[in-house]
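The values are calculated or read from the model by the stated rules, or taken from the named source; none is laboratory data. Keep in mind that this is a model prediction, so the values were computed, not measured. Cβ atoms come from the backbone with ideal geometry, glycine included; neighbour counts cover every protein chain shown. In case anyone asks, the SASA skips ligands and DNA or RNA and just uses the protein heavy atoms, side chains included. Shrake-Rupley method; radii C 1.70, N 1.55, O 1.52, S 1.80 Å.
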Amino acid sequence: MKKFKRHLVTSALPYANGPVHIGHLAGVYVPSDIYVRYLRLRGEDVVWVCGSDEHGVPITIKARQEGVTPQDIVDKYHYMIKSSFEGLGISFDIYSRTTSATHHKTASDFFRTLYDKGEFTEKTTMQFYDEEAKQFLADRYVMGTCPHCQNDKAYGDQCESCGTTLNSIDLINPRSAISGSVPVMRETKHWYLPLDKHEPMLRKWILDGHKEWKANVYGQCKSWLDLGLQPRAVSRDLDWGIPVPVEGAEGKVLYVWFDAPIGYISATKDLTPDWEKYWKSEDTKMVHFIGKDNIVFHCIVFPAMLHAHGEYILPENVPGNEFLNLEGDKISTSRNWAVWLHEYLEDFPGKEDVLRYVLCANAPETKDNDFTWKDFQARNNNELVAVLGNFVNRALVLTQKYYEGAVPAMGELTQYDKDILSELPEIKSAVEENIENYRFREALKEAMNIARLGNKYLADTEPWKLIKTDPERVKTIMNIALQITANLAIVVEPFMPFTSAKILKMIGKEPFGWDALGRTDLLAAGHVIAEPQLLFEKIEDSVIEAQLEKLAASRKANAAKENGKKIEEQKGSVSFDDFGGMDIRVATVLEAEKIAKTKKLLKLTIDTGIDKRTIVSGIAEHYEPADLVGKQILVLVNLEPRELKGVMSQGMILMATDPSGKMVVVSPTEKMPNGAVIG
RNA sequence: GGCGAGAUAGCUCAGCUGGUUAGAGCGCAUGAUUCAUAAUCAUGAGGUCCGGGGUUCAAGUCCCCGUCUCGCUACCA
């Protein structure tokens, strides 16, 4: 077991094109906050960095849509994200941003170092160029007609109408999304990071050296390594980002995946002049907290970059969590299906810890989990209020009642007292072990056991009865109950810092530090505690219903949007001759079979009346092969043949597609002879 | 199609390298209790451990074949 002198913790950089939601929190920020707070309480040397990821194409698109500059967009969300994190008590040592001057210089220098060391390869490719706007067009900037569903507003990377993944060269009638002009193909040079070169190092480091990583993380890495790594472009043609610091690279910026993780380094630089100690000493333990979508970047790509650079350490662990769903559906920013942090903070003032608690207790550590408002309410009412809040309240209220707030002296302990107190150190080590192994859900459960222990102790010793017969004994009981309360203030801090502070305030103490956990002399006899206040309050049904209505509204809005989107605009007019050039016929499906190793492709043998021919069609998700046999369909028979997965496709089947992407074949309403002409 | 992860009580999850009657929290039922936000405490009911084969003295745990969910990836004229 390696011994470390200090910790460097990073949390995935939120992308600055939208606010933060509970999915981000449960997967990344709440767990990492717990981890870091724990380390700090232990007095460890720890630095925790994060910041907004502000480059990349989606931000420029969003800016254009809203008619503002990319800088406007990132400013808006950066500050919004930053302040909502603070509101929830997410305690980064620094929350930086990738548009900062420090970052531009750091990323630029990093690139330059790799460039000078010959760590990149160069490749020239053909890409769409907009002569009017004088710039190369990223896939997202090319629009055209989707070859699949004929939607004429498809983007070069994806058709939003049918969800198909595309390449910009696939689009029919491509046009520039910037100027609307027809783009031309032009040569462009880019730099690549040859990941394959680092494969042996990565293999040894991860597959041999880090078998303790979470199953999902390790498995994903193994999968990538076994598939064989490919060189990856580190630059692209765009005007938003960090310019490639090489002569002759005008109009090119660093690819966002390359600049973003360097943001961790830049943030550390902004935080402390000692930053190198954290990034370049083997006795620093670096941990990346991320979601599962980021595994490859943090386990393969970024380590390869750091290794290529040569001076940096690699992460000791990369706890990647799964995803959180909301009320049974995937969280989605574009569909507004989310609980937004900034809205939660407004709707639930003073209930920061409730959200922290629920998200930790239900964190998607081993598989995707579901957040429901009903569960939120139940955990608040049945666990926080009934177990934790209630215990603290009864201990403090009884102390007020019997001793006017002055802590009574601990007398002689019974065996039962000793048994109860001996559980505290056991819980302490259980919490420690779980946190150190990134099992925060279990750690929280153990922490709550201290409150359960307290409730049980009071129920078993019944001080409210004994006060009449044996007041001396009650002093000891209440002293113990108060010591347990003080222990709660400690153990709860990483998970629920606001609650911890409230307890400390009520018992009139300063933070104890983690090592004090388990001690039974935290409150001296005679110390006077403050008037008790409730830590948590019940959440009524109406509150939950209001949140559910909010979600229902966004579901409704989405449906309306879908409907609005439903009817595509009419396309530009075509001449009668153009239409006449298309030869569409009635045909009958003779045979149908799935093409092996594909998900969507069916190979159909059809009788067109003219001949019997083969057509490949991407409808395997909509039809069982057997269901098509014997059906009459319409076929564009004079479309240029095209080879798909090794099969020649001679023509295209006409399909009707609804906005959800569902497809049905089009048939004549009455049986017609094969070869009958449509027109 | 390939790859990765998951599938265990009504719900959310533990079960490490195979070993006595499969565990926890919540919910539910019954009882106790009243200091406490009708909170607490005790007891109990609830499980073909996704399905089917196999290895073994012994399988939730290992192997093979399926099914379903999530993610990555190829294909979509």
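The residues listed here are A:333, A:399, A:372; of these, the one that is out of contact with any helix residue (DSSP H, G or I) (no Cβ under 7 Å at 6 or more places or on another chain), more than 20 Å from residue A:549 (Cβ to Cβ), in contact (Cβ under 8 Å) with a residue 40 or more places away in the chain and not basic (Lys, Arg) is A:333. Counting the residues of segment A:15-56 that are assigned to a loop (DSSP other than H, G, I, E, B) and open to solvent by 10 Å² or more (accessible area, probe 1.4 Å) gives 6. Total residues in segment A:585-636 satisfying the condition of being under 19 Å from residue A:672 (Cα atoms), within 10 Å of RNA strand B (Cβ to nearest atom) and in contact with a Lys or Arg (Cβ under 6 Å, 6 or more places away or on another chain): the figure is 1. Tell me yes or no: at least one residue of segment A:381-394 is under 21 Å from the mean Cα position of the chain (by Cα) and surrounded by fewer than 17 Cβ atoms within 10 Å (Cβ to Cβ). Within segment A:381-394, not a single residue is under 21 Å from the mean Cα position of the chain (by Cα) and surrounded by fewer than 17 Cβ atoms within 10 Å (Cβ to Cβ). Any residue in segment A:515-544 that's on the phi < 0 side of the Ramachandran plot: show its pairings with residues that are hydroxyl-bearing (Ser, Thr, Tyr) and within 16 Å of RNA strand B (Cβ to nearest atom) at Cβ separation under 6 Å, as long as the two are six or more apart or on different chains. Taking only residues 6 or more apart or on different chains, the pairs are A:535/A:499.
Return yes or no: is residue A:405 touching a residue at least 60 places away in the same chain (Cβ under 8 Å), away from RNA strand B (no atom under 13 Å from the Cβ) and touching a strand residue (DSSP E or B) at 6+ places or on another chain (Cβ under 7 Å)? In short, yes.
Given the conditions (1) open to solvent by less than 50 Å² (accessible area, probe 1.4 Å); (2) within 21 Å of residue A:427 (Cα to Cα), which single one is not true for residue A:473? All conditions pass for residue A:473, except number (2).
Scanning segment A:198-212 for residues that are in contact (Cβ under 8 Å) with a residue 24 or more places away in the chain and open to solvent by 10 Å² or more (accessible area, probe 1.4 Å) turns up A:199, A:201, A:205, A:210, A:212. Please indicate, with yes or no, whether at least one residue in segment A:66-75 is surrounded by fewer than 20 Cβ atoms within 10 Å (Cβ to Cβ) and touching a residue at least 12 places away in the same chain (Cβ under 8 Å). Yes; the residues of segment A:66-75 include at least one that is surrounded by fewer than 20 Cβ atoms within 10 Å (Cβ to Cβ) and touching a residue at least 12 places away in the same chain (Cβ under 8 Å). Against the list (1) without any contact (Cβ under 8 Å) to a residue 40 or more places away in the chain; (2) of a type in the set (A, V, I, L, M, F, W, C); (3) within 16 Å of RNA strand B (Cβ to nearest atom), the condition residue A:313 fails is (3). Looking at A:405, A:411, just one residue is farther than 17 Å from residue A:361 by Cα, open to solvent by 20 Å² or more (accessible area, probe 1.4 Å), of a type outside the set (A, V, I, L, M, F, W, C) and modelled with pLDDT under 95, and that residue is A:411. Here residue A:495 meets the list (1) within 16 Å of RNA strand B (Cβ to nearest atom); (2) open to solvent by 10 Å² or more (accessible area, probe 1.4 Å); (3) part of a loop (DSSP other than H, G, I, E, B) almost entirely, failing just condition (2). Based on what the data block shows, is residue A:416 surrounded by 21 or more Cβ atoms within 10 Å (Cβ to Cβ), over 17 Å from residue A:383 (Cβ atoms) and touching a helix residue (DSSP H, G or I) at 6+ places or on another chain (Cβ under 9 Å)? When the stated conditions are applied, residue A:416 does not pass them.
For segment A:324-338, residues that are open to solvent by 60 Å² or more (accessible area, probe 1.4 Å) and within 19 Å of residue A:31 (Cα to Cα) total 0. Determine whether residue A:362 is polar (S, T, N, Q), buried (at least 17 other Cβ atoms within 10 Å of the Cβ) and at pLDDT 90 or above. It is false that residue A:362 is polar (S, T, N, Q), buried (at least 17 other Cβ atoms within 10 Å of the Cβ) and at pLDDT 90 or above. Residue pairs whose Cβ atoms lie under 8 Å apart, sitting 6 or more positions apart in sequence or on different chains, and linking a residue in segment A:445-465 that is among the aromatic types (Phe, Trp, Tyr) to a partner that is open to solvent by 10 Å² or more (accessible area, probe 1.4 Å), are A:464/A:398. Residue A:610 meets the conditions (1) more than 20 Å from residue A:595 (Cα to Cα); (2) out of contact with any strand residue (DSSP E or B) (no Cβ under 6 Å at 6 or more places or on another chain); (3) at pLDDT below 80 in every case but one. The failed one is (3). For segment A:525-541, the set of residues classified as open to solvent by 60 Å² or more (accessible area, probe 1.4 Å) and more than 31 Å from the chain's Cα centre (by Cα) consists of A:525, A:528, A:531, A:533, A:534, listed by residue number.
Out of everything in segment A:451-464 that is open to solvent by 60 Å² or more (accessible area, probe 1.4 Å) and within 6 Å of RNA strand B (Cβ to nearest atom), what residue ends up being nearest to residue A:476 (Cα to Cα)? So, considering only residues that are open to solvent by 60 Å² or more (accessible area, probe 1.4 Å) and within 6 Å of RNA strand B (Cβ to nearest atom), the one nearest to residue A:476 (Cα to Cα) is A:464.
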